[in-house]
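**Student:** Quick one: this structure, given as structure tokens, is what I'll be asking you about.
The values are calculated or read from the model by the stated rules, or taken from the named source; none is laboratory data. Everything numeric in this text was worked out from a predicted model, so none of it was measured. Note that each Cβ is placed from the backbone with ideal geometry, even for glycine, and that neighbours are counted across all protein chains shown. We work out accessible area using only protein heavy atoms, side chains counted, and drop any ligands, DNA or RNA first. Shrake-Rupley method; radii C 1.70, N 1.55, O 1.52, S 1.80 Å.
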Amino acid sequence: MPRNSFSSDFLRQSFVGLKLLVVMTVLLGVAYPAVVWGVGQVTWNGNANGQIVSAGSKDVGSKSIGQNFTVKDNQWFHSRPSAAGDGYDGLASAASNLGPSNPVLLKLITQRQKEISTVEGVPVSAIPADAVTASASGLDPYISPDYAALQVKRVAEKRGLSESVVRKLVTDNTYGRQLGFLGEPKVNVLELNLALARE
Amino acid sequence: MSDTTGGLLTIAALIILLAAVHKPFGDYMAHVFTSAKHWRVEKRIYRVLGVNADSEQSARSYTVSVLGFSLISIVVLFLILVGQKALPFDRGLPGMPWDMSLNTAVSFVTNTNWQSYSGESTLGFAAQAGGLVIQNFLSAAVGIAVAIALVRGFVRSRSGELGNFWVDLVRGTIRILLPLSFVAAILLVSQGVIQNFGDHTVHALTGGTQVIPGGPVASQESIKELGTNGGGFFNGNSSHPFENGTPFSNLIELFLLLVIPVSLTRTLGTMVGSRKQGYAILGAMTFMFGAALAVVTWAEAGMHSQAAQLAGGSMEGKETQFGSWASSLFATATTGTSTGAINSAHDSLSPTGGGTVLVNMMLGEVAPGGVGAGIYGILVMAVVTVFIAGLMVGRTPEILGKKIGTKEMTYVALYTLSVPAIILVGIGLAIALHGTPGYMNNPGSHGFSEVVYAFTSAANNNGSAFAGITVTSHFFQISLAAAMLLGRFIPIALVLGLAGSLAKQGKVPVTAGTLPTHTPLFASLLVGVILLVTGLTFFPALALGPLAEALS
């Protein structure tokens, strides 16, 4: 068999590839996501649509996506610092990407510790790490149970509720390790604050 | 339960899952690539392509098919990205700039999934699902096809042929990747990964609005991990709650990104008729993976960086629900395979942790490596190992019944040199440019590490990043695209050349003087050779980057 030139072989194979791409676009690019969508809508409708939560007639957020409860809003449980846009921007998920020895990061951590120490009336040594660090997504919906516990006294005072009522709300919105061993214990901040608003 | 117990149990669960499936799944993959029967849907596809599915290709012809297909894939994806405005579900977004489109098209076709854009603010749903996802499937199938062609080179005797690329590509996609991705996507939805077609604006509790992003995420997420691609739907990648909603979805994703590379060792053993050979390779991979995991976990779970000591824990760039253990496991798995998905920000890992994931990629991603790329990568290193062992005892090296002569060693030596050369030249160029420090997000040695990480990730087709660095300049878009392209296709061409040359040989009989390659001794030697080659190549760069930071 005569050997074809490299370039003519190459072009012929590229053309076969183009036909394959068309076939696969129909199969993998249209049919596949559409079927996953269909099955998702039937089986776990809420999950597939982003676990939107509403209060009254208004949609107020997603159970999965954190919201910007900053150290300045003292009647709420605060979420973690966020590097997503101006904080918890749903269209700008991002980490700080600050290196572990970067003076900018070290200064930020110190500054956050000071703020929290003042607002909550606790020594810096009592503040857990998640309270002073930004998450990878910038949309972390959770805080550690330690950080939630730290905020109970202040929230109860600001809202005129008893500490035991607020503490119970925290417990109700705390999740243990999944299946008993996976991941870390966590408190969903939006759910907790929604429960707080209903009190 | 303490963090340590939970973390160890998570690792144990992952090992049990992989151990349970690797035999049946590995044998299934061997069957897929050796069966003479075509499925009806496959026959229909071959008719459209005009391919004779029962004909086979020489090494040259197989290589031309891989390259021809990949080139047209890059062209088509480039056009989709540049012209996404004309597609449905464009979310009102403009087309990507040309240099970003080029970088992204090369990135997804080479199975790298380096991302110089952030998905939620740059891409419509059609460009993601109809452009990027197609390549998530097909680039993975290309990797598997090349690995299978190399295995056929060992198996066959006095043959000029390595199989049919189009058949391998279609079967890998339809019989392996698609069914698994589908099941995994549904499982991920059950854990809060979304699958819809619209953003949703909500009224936040503290006033103002928040956009809850939408998209066909689950269908992309499953193949992103299964194909060791790693390109996130969102900028936050697998740290984003909509890509990885719970610790259980995190376990699913870890399983997905490891299952094919691990099971391919069984496929190898089955196809070459020596299951023990598969175990020896898996043993070497497991040892390297375990060592890296131990170091990263130690570094992240303790207080081993200035930031961790100050904050009281290494939580910068980590999600509350994953913590240090699940983040360390993910970081090790994503760099040990060529995935590059992240569930924590690698830029904020401790110097030792970040340095170790960097080394994990520098090893050539063979522990256990990308789909296909891992197994052909470690087989090439196995050839280097028998060569060195052969030199020590003065015998012609042989492996799996094939003699390793000058021709084979030429391919192997070029393979071993090519990726490190691309990385080091890239780093050198970038550092020589005066503008580069301005693109770094961190000062000093950590900034240097960002550049080292970028070129290592690109040339090894990983795709993760020390993501603080700004890579949207023309220089970085184009130089990193070149690194990805060369880092993918030079090794592939050399592997196929090696496969062709091996297939042409007859089998040499095993004698008393043959070095057995299925023993723990050989596996240890293999690990030693991999570490030696990597160490000699990259020590200077590591010394200036993570080592300097860890010691300061």
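**Student:** Return the carbon/sulfur percentage of the accessible area of the range B:418-549, one whole number, probe 1.4 Å, all protein chains in place. The partial results should precede the final answer.
**Tutor:** Values: 3820 of 4950 Å².
Answer for the range B:418-549 is 77 percent, counting heavy atoms of protein chains only.
**Student:** Gap in Å between the Cα centre of the range A:117-174 and the Cα centre of the range B:123-152?
**Tutor:** So the separation of the two Cα centres works out to 45 Å.
**Student:** Moving on. How much of the accessible area of the range B:97-180, in percent, comes from carbon and sulfur atoms when a 1.4 Å probe is used? Each step should come with its number before you reach the end.
**Tutor:** Details: 810 of 1380 Å².
Whole-percent figure for carbon plus sulfur exposure: 59.
**Student:** Considering only protein heavy atoms, what is the solvent-accessible area of residue A:9 at a probe of 1.4 Å, reported in Å² to the nearest 10?
**Tutor:** Looks like 20 Å² after rounding.
**Student:** Here is a follow-up. Work out the charge dipole of chain B with +1 on the Cβ of Lys and Arg and -1 on the Cβ of Asp and Glu about the Cα centre, then indicate which of B:106, B:238, B:383 is farthest towards its positive end.
**Tutor:** Projecting each Cα onto the dipole axis, the largest value belongs to B:383.
**Student:** Right, next: Which FRET efficiency, nearest 0.05, do residue A:119 and residue B:425 yield, Cβ-Cβ r, R0 51 Å? Kindly include the intermediate steps, with their values, before the conclusion.
**Tutor:** Details: r = 52 Å, r/R0 = 1.02.
Using R0 = 51 Å, I get an efficiency of 0.45.
**Student:** For the protein assembly as shown, what is the charge dipole size about the Cα centre, in debye to the nearest 20, if Lys and Arg each add +1 at the Cβ and Asp and Glu each add -1 at the Cβ? Don't jump to the answer; show the numbers that get you there.
**Tutor:** Numbers: 45 positive and 40 negative charges, 463 e Å.
Here the protein assembly as shown has a charge dipole of around 2220 debye.
**Student:** Nearest 20 debye, what's the magnitude of the dipole of the range A:51-198 about its Cα centre given +1 on Lys and Arg Cβ and -1 on Asp and Glu Cβ?
**Tutor:** On the way: 16 positive and 14 negative charges, 52 e Å.
Taking the Cα centre of the range A:51-198 as origin, the dipole is about 260 debye.
**Student:** With a 1.4 Å probe and every protein chain kept in, tell me what percent of the accessible surface of the range B:249-369 is carbon plus sulfur. Provide the component values of the computation, followed by the final result.
**Tutor:** On the way: 1680 of 2490 Å².
Looking at the range B:249-369 in its full context, I get 67 percent from C and S.
**Student:** Where does chain B land at 222 nm, in deg cm²/dmol rounded to the nearest 500, when only DSSP H runs of n ≥ 4 count, each adding -39500 (n - 2.57), divided by all residues? Please report the intermediate quantities before stating the final value.
**Tutor:** Details: 21 runs with 346 residues, N = 552.
About -21000 deg cm²/dmol.
**Student:** Still on this structure: Per 10 Å bin, what percent of the C-alpha pairs of chain B does each bin hold, from zero upward?
**Tutor:** Calculated over all Cα pairs of chain B, the distribution is 4, 19, 30, 28, 15, 4, 1, 0 percent.
**Student:** Between the alpha-carbon centers of the range A:1-70 and the range B:399-444, tell me the distance in whole angstrom.
**Tutor:** 33 Å
**Student:** When all protein chains stay in place, what accessible area (Å², nearest 10, 1.4 Å probe) is found for residue B:533?
**Tutor:** Estimated to the nearest 10 Å², residue B:533 gives 40 Å².
**Student:** Let me ask something else about it. Please report the buried accessible area for the interface of A with B, total over both chains, probe 1.4 Å, in Å² to the nearest 100. Each step should come with its number before you reach the end.
**Tutor:** Working: alone 12900 and 21240 Å², together 26020 Å².
Approximately 8100 Å² gets buried when A meets B.
**Student:** Let me ask another. Summarise the partner chain shielding of B:117-124 as one whole number: the mean count of Cβ atoms from other chains within 10 Å of each residue's Cβ.
**Tutor:** Values: counts 0, 4, 1, 5, 5, 0, 0, 0.
So the per-residue partner count for this stretch is 2.
**Student:** Then there is this: Where does helix A:32-43 land angle-wise versus the long Cα axis of chain A, in degrees 0 to 90, nearest 10?
**Tutor:** Helix A:32-43 sits roughly 40 degrees off the main axis of chain A.
**Student:** If you average the C-alpha positions of the range B:1-64 and of the range B:225-303 separately, how far apart do those two centres end up, in angstrom?
**Tutor:** Between the Cα centre of the range B:1-64 and that of the range B:225-303, the gap is 15 Å.
**Student:** Still on this structure, I have one more. Hey, what's the protein assembly as shown come to in accessible area per residue, 1.4 Å probe, Å²? Please list the in-between numbers first.
**Tutor:** Values: 26020 Å² over 751 residues.
About 35 Å² of surface per residue is accessible.
**Student:** Taking each residue of A:172-182 in turn, how many C-beta atoms of other protein chains fall within 10 Å of its C-beta, and what is the average? List each step's numbers first, then the result.
**Tutor:** Values: counts 0, 0, 0, 3, 1, 9, 9, 7, 3, 10, 14.
The mean count of partner-chain Cβ atoms within 10 Å per residue comes to 5.
**Student:** Let me ask you something else. Please determine, in degrees from 0 to 90 and to the nearest 10, the orientation of helix B:59-82 with respect to the longest principal axis defined by the Cα atoms of chain B, where the helix direction is its Cα long axis.
**Tutor:** 10 degrees
**Student:** Note down the magnitude of the dipole of chain B about its Cα centre, charges +1 on Lys and Arg C-beta and -1 on Asp and Glu C-beta and zero elsewhere, to the nearest 20 debye.
**Tutor:** On the way: 26 positive and 24 negative charges, 457 e Å.
So the dipole magnitude of chain B works out to roughly 2200 debye.
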